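Data block below; observations after.
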Amino acid sequence: MTNPIKTRFLLLFLFLSIQFFAYAQNLRQDNSIRRGKILETSNLGHMNKGKIKLLMKLLEKEVAKQFDLQYDVDVYKVVYETIDIKGNKTQASGMVAIPKNAKGDLPIMSFQHGTVLEKDFVPSHKKAGYEVGIVFGSEGYVTVLADYLGLGEGEGFHPYFHAQTEASACLDMLRAARNLCAGKGVSLNNQLFLVGYSQGSHATMALQREIETNYFSEFKVTASVALGTPFDLSESQFNQLMDEKPYVSPSCLPYILCAYNQIYKMYPNINDIFRSPYDKIFPTYFNEEMPYSHKKLDVVLKGKIPTDFIKAEIIKAVNENPDHPIRKALKNNDVYNWTPKAPIKICHCDADIHVSPASSVKAFEQFKANGLKDVELLNPKEGADHTECAIPSMLVARNWFATMKKLENLIPPPANTLKNNVIVDKNGSNK
């Protein structure tokens, strides 16, 4: 006759053994991912101050003279280990610019670039804002520019406007940059400045949120600047993209839908979303090779509205059902309803027709309501659109960061840099 106590003990032992084995398997899997590990490093060249000054000639004189070019810069491409949308091991790439012969411990400035569809149009290929890295490097920052997942040397398809992997790819790029500096004897201080433009400012907010929520013992954000940010994808940006008037950059909507369908599996196939012939056209743009630019697709879609390329029943369902999977996916990637700890400046020009200024107003109000006191909403150039706003906004970032940067021989920012730029001050009153 079977002993019931012995049987229960054996069952319990078997259960615990299975649980321990599963835990050990997961532990081994987790330990096999070394996020931020450098897989490959390439030297992209040395930029002396003379060459950097040539870059500055692209700017207006009044803008260029506000920068303080102190150092030559060594530029590197880094391929590093990170995680994909499922948390599995993958690789990504980015660019690091290191000031040459800079004294003391250096701050990090992480720049997140805007929308890119063409796979190689990224900082590590000397495109997509790499000039920002060079110029800030010459001012004494170690500048870090992630390409994002699926772009550059990244594997797979780029998860466009996916906050989770924007944050993880940029976080692990910071780790890779830190490892690169350690290997080259470059000493870092504890300052980390974040700035991004357009999609990059969405990534900037996702990165700051991730650091301050989960990695505050590893990194501390000193300050961040968000430029032309689609904080509110689920309402402000959704309304702009789904308008019955042609959108200025119509490639953004199918880019988001294709990315989110791959991430969230909303439909079995994109043929279920897009009308003919776009169900055949879009896969040639949105794939792992990503050979074409978003500007080329914008030409194809010029003058088109969502009903021209999205099935009518999909549009009807999305507009009528706030819990539709597409609406849920957008809401899951909003980056405004949290409580930042580091100070933030939000720059958004009032004539922006790419990204609704209402999105930045909403984020500003929500951040203040959540308890962030050091937040400002700025209009760097009255009457400027999304593209025209980029350089004036970067100047805001440059001059603000310069007041906090710990570095010898720092030239202070010009007086009254932000005069007349403020839409709303820290207390919410007009200036």
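The values are calculated or read from the model by the stated rules, or taken from the named source; none is laboratory data. Quick caveat, the model's predicted, so the values are computed rather than measured. Glycine also receives a Cβ, built like all others from the backbone with ideal geometry; neighbour counts cover every protein chain displayed.
For residues in the stretch 308-326 being part of a helix (DSSP H, G or I) and not aliphatic (A, V, I, L, M), which is nearest to PRO254 (Cα to Cα)? Working first, answer last.
Kept after step one, since they are part of a helix (DSSP H, G or I), are these residues of the stretch 308-326: 308-309, 312-320, 325-326.
If we keep only those that are not aliphatic (A, V, I, L, M) as well, we get 308-309, 313, 316, 319-320, 325.
On the way: ASP308: 12, PHE309: 9, GLU313: 16, LYS316: 17, ASN319: 16, GLU320: 20, PRO325: 15 Å.
Top of the filtered list is PHE309.
Given the criterion closer than 25 Å to HIS46 by Cβ, crowded, with 18+ Cβ neighbours inside 10 Å, of a type in the set (Phe, Trp, Tyr) and modelled with pLDDT under 95, identify the matching residue among TYR130, TYR71. Can you show your working first?
Details: TYR71 fails: modelled with pLDDT under 95.
Answer to the selection: TYR130.
Would you confirm, using the coordinates I've provided, whether ILE353 is surrounded by 18 or more Cβ atoms within 10 Å (Cβ to Cβ) and either closer than 15 Å to ASP232 by Cα or of a type in the set (Val, Ile, Thr) (or both)? Quick ask: steps written out before the conclusion?
Working: surrounded by 18 or more Cβ atoms within 10 Å (Cβ to Cβ): no; either closer than 15 Å to ASP232 by Cα or of a type in the set (Val, Ile, Thr) (or both): yes.
No; evaluated as a whole, the condition is false for this residue.
With respect to LEU117, determine if the residue is part of a loop (DSSP other than H, G, I, E, B), in the same structural domain as ASN399 (by TED's automatic domain parsing) and either out of contact with any strand residue (DSSP E or B) (no Cβ under 7 Å at 6 or more places or on another chain) or more than 27 Å from TYR260 (Cα to Cα) (or both). First the steps, then the outcome.
On the way: part of a loop (DSSP other than H, G, I, E, B): yes; in the same structural domain as ASN399 (by TED's automatic domain parsing): yes; either out of contact with any strand residue (DSSP E or B) (no Cβ under 7 Å at 6 or more places or on another chain) or more than 27 Å from TYR260 (Cα to Cα) (or both): yes.
Against the criterion (part of a loop (DSSP other than H, G, I, E, B), in the same structural domain as ASN399 (by TED's automatic domain parsing) and either out of contact with any strand residue (DSSP E or B) (no Cβ under 7 Å at 6 or more places or on another chain) or more than 27 Å from TYR260 (Cα to Cα) (or both)), LEU117 qualifies.
Do we find a residue being buried (at least 21 other Cβ atoms within 10 Å of the Cβ), charged (D, E, K, R) and either under 23 Å from LYS373 (Cβ atoms) or modelled with pLDDT of 95 or more (or both) anywhere in the stretch 198-212?
Our first condition is that a residue be buried (at least 21 other Cβ atoms within 10 Å of the Cβ); within the stretch 198-212, this holds for 198-208, 211.
From what's left, charged (D, E, K, R): none.
Within the stretch 198-212, not a single residue is buried (at least 21 other Cβ atoms within 10 Å of the Cβ), charged (D, E, K, R) and either under 23 Å from LYS373 (Cβ atoms) or modelled with pLDDT of 95 or more (or both).
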